[in-house]
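Here's the structure, in structure tokens; my notes come after.
Read-outs: derived from the displayed coordinates by stated rules, not from any lab. As the structure is a computational prediction, the values presented were derived from the model and not from experiment. Cβ coordinates were reconstructed from backbone atoms using ideal geometry, including for glycine residues, and neighbour counts include every protein chain displayed.
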Amino acid sequence: MRSSRGASAVLAAMAMGLLMSACSSAGSGSPSTPGSTCSGSGHHVEVVVELGNHHVVDRCVGFQDAQIKGETALRRSGIEFASQHFSYGDAVCQIDHDPASYTACFASGQPYWALFLSTGGGKWKAASSGISDVTLKSGQALGWRYDPSTGTAAAPPRPPKS
């Protein structure tokens, strides 16, 4: 009896491992080293977030159409975020519960989430619109960094190597 329970536990663990592997290859993404998750066949974009504590979260998001909206890619990455609508589109106010709370997305003199784009592993470029107006093609990437509101926002670390 004891050995059949042990065998059942091993089989259940193996099944869970296979299920998790299948999900991550379908584009749900998982944290890893930036630039290492988006390779292989199929359409995919990378979402790279440098959190306020400098921890980097990198997710690969697979999709079937020729392109994907930036907000959809961020949502499918599984990374928590909150946004607010402005005249230029939706802006991201919070990622991974950072900041823990806010009253205004772009409060004067306060840090904010800066959005960057990269194509084919090229240099990050600051986005000129809100996340709701960004459209990505396979091999492109969204990059986020929580920056002070003074000066030019620095790009996230290491552009992706799609």
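Points worth noting:
- Residue separation of PHE86 and ASN53 scaled by 0.36 nm, minus their Cα-Cα distance, works out to 9.1 nm of gained length.
- Once the Cα-Cα distance is subtracted from the 0.36 nm per residue extended length, the THR119 to SER149 segment shows a gain of 8.2 nm.
- Among 97-105, 141-149, the peptide with the highest mean count of other Cβ atoms within 10 Å heads the list, and the full ranking is 141-149, 97-105.
- Considering only the Cα atoms of segment 31-147, their convex hull presents on average a projected area of 7.1 nm².
- Virtual spin-label span in nm between GLN64 and SER108, 7 Å along Cα→Cβ: 5.0
- Formal net charge of residues neighbouring GLY70 (Cβ-Cβ distance under 10 Å; K, R +1; D, E -1): -1
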